[in-house]
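Encoded as structure tokens, the structure appears first; notes follow it.
The values are calculated or read from the model by the stated rules, or taken from the named source; none is laboratory data. Values in this document were obtained by computation on a predicted structure and should not be read as measured data. Because the Cβ atoms are built from the backbone with ideal geometry, glycine has one as well, and the counts that use them run over all protein chains shown. Accessible surface areas use protein heavy atoms only, side chains included; no ligands, DNA or RNA. Shrake-Rupley method; radii C 1.70, N 1.55, O 1.52, S 1.80 Å.
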Amino acid sequence: MATLVDVGSDDDSDDQVSWTATIDLPIGETSIDVEVVDDEGLSNVPENPTLISRLQLPTTLMKGGAGELLALQNYSPSYKLELDTLAATELGEFSVNWAPALDPATNHILSADVNAGVLQIISTPVDGGLNEVEASISLNHDSATWSFTNVISSAFDAGSRRYFVMVTRFPIDQSINVEESEVYSFDVQSKALSLVTSQAVDDREAFSGSAIVWADSKLFALESLNSLNVGIIEIDVDSGLRSSMIATLDNTAVLLTADSNNSALYAVGITSIAKIVLADSTVSYFSEGVDNLDSPFDQPRSAVFDLSGNRIWVGDDGVNTVYAVDLDSGTRTVPVKAGVGDGGPLQFPRDLALSGDALLVLDDQGNAPSKLFSIDLDSGDRTTLINIEGGNGAGASGLVVAEDGLVYYGTNNEIYSYDPTTEVKRQLLGAGVGTGVVVGSVTSFSLDEVGERLLVADYVNGHIIAVDIATLHRSSAYRYEDLSVTLVTDFVVTSEGLYVLDGARGELSFYNFLTGDKSVLADTCMNRIGQNVMSFDYNSLNTVTIRADGKEALLGGSPMVRFDLENNVCSLVERGSYLVSAVYVDGDKILAGAQNRIVNIDLPSGESVTISKL
């Protein structure tokens, strides 16, 4: 693949020329060859061309130095972004905890964590180095009343070098108690950590907060009034007293930031952004969701004000995107390319299947209808084939590509066939479709060994039913008790038999078509993994993929398990990653669906490359 770049003329005498180009690299490639050709056709190969990889921005944003934005991601490279030029500098890999804020005097990131009822303040050098616990304090956490306590938000006063942290307690019984928040102050110079808000000095009831910000020498907080309404309060950091500033905001705000002039607060909500002028507490709304249908807010997690660019940067975990919101027009754009490939956002790639040179993905879109994507394996570009109406991705139940190119997909107890050539779809299973046995709740499906029937796992009625594709008649093929399984989470049909993943037991078993024998394949080796992997949960295993030679299985979940069927040996594909689905592409190479992205993994080396991600 060659990319031509027109440099233009270079009339100085230093024999040097500079240029930039955005070039999509093939899967797994990390370098390029550069050849320079002049007007007379003479070529020259530079010795050391500079290659800057496509930036993959995380969504935890915070203020850096003057004119800088820090974009942080644990266990992956974080970045410093120059706001004027949008040039990115990789900071390397380091780990920060919750609610980070930068202390510009030391160039350290302060963050917080709650461990065993103790609030810890942690310092992390931006330029490299180990985390250090700066201070700790025991929290007021009655385990009989409160389920857990989380760090929610932070603010930093650069003048006094104080780091403020909001923590919230969540009740065991929400019908009796409501969430309660407290704010703590950490003095960077004295290392003192103390409680700011306290009912002992406050005549108001306990409050539930979602965000804090330091502005105009004051601390402001978003107060959750109920599930729909929020207000803004001012907190006196010396006395702990709280006073109401804005009784109610109309946009269900979840984030709070302030402009650099200390003249206004900005409350970011799902539907819009509210501007609150500090001088007179007037409120106005802009960047309405109805005007930004192609750039929706889903789960905004962080917001940073950028006065020089007249915009607010919003990091949204739900769509894995960093937006720049223009303060005048309210328009949301993505000025820095975040991820790999263009197209709609991946949320949760529930099922994968290869179709020619493309990867098909049945994607769980959360509370929105599922989507069927086609992903170009060279560029990572995503094309939406079908917006699956009438249900959300929680019911996604399978994706199969037949030898004739027909695509079968399932969602919300319905199964369809789809012809990519004619774009015609046909419903094969669902209310009022077909005859025969009743279907309760579909967990997965597959084609039989000759491609004439759909085999559908029905959890409610405890059997795998067969659907004749020609007549749509349904009949019982296998009973769960005959297969000795509790819950068929997923299964694969081969010419030799049936591989069944029992999600209730964490077992992979094989049912031989010829002999009728059933053998449990992956129980003891997964027990060994369970003893060595913290938080390994069999119930999280929800997909099974069998290699073409029948010698290996992949069990998708948290984490994904690789199982050698010949030698009864299990290993982890990626420690700590939630890989829900996979498909073999070439021997020991797989494509796997993780949250928000598709990755290409070399199983022997463990090397992983993201090939498509918004």
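Below, the figures for the structure above:
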read-out	value
Relative packing of peptides 287-297, 545-555 - highest average C-beta neighbours within 10 Å first	545-555, 287-297
Percent accessible area from carbon and sulfur atoms, segment 540-607, protein chains only, probe 1.4 Å	40
Quarter of the Cα convex hull surface for segment 210-281, i.e. its orientation-mean projected area (nm²)	4.5
Proximal lysines relative to residue 191, as straight alpha-carbon distance under 23 Å, when same-chain residues fewer than 8 apart are discounted	63, 218
Accessible area expressed per residue, segment 217-317, with surrounding protein chains retained (probe 1.4 Å, Å²)	43
Within straight-line cross-link reach of residue 425, lysines at Cα separation under 19 Å, skipping those fewer than 8 residues along the same chain	371
Per-residue HN-Hα couplings for segment 284-293 [Karplus 6.51, -1.76, 1.60; θ = phi - 60°; Hz; x = Gly/Pro]	9, 10, 8, 6, 5, x, 5, 8, 9, 4
Relative packing of peptides 152-162, 265-275 - highest average C-beta neighbours within 10 Å first	265-275, 152-162
Whole-percent carbon and sulfur share, accessible surface of segment 224-275, 1.4 Å	46
Cα-based convex hull, segment 404-486, per residue volume (Å³, whole number)	93
Volume per residue that the Cα convex hull of segment 240-361 spans, once the total is divided by residue count, Å³	139
Cα radius of gyration and Dmax for segment 421-465 (Å)	11.9, 36
Cβ-derived FRET efficiency at R0 22 Å, residue 326 paired with residue 85, nearest 0.05	0.75
Reachable lysines, given that their alpha-carbon falls under 21 Å from the alpha-carbon of residue 551 and they are not under 8 places away in the same chain	518, 589
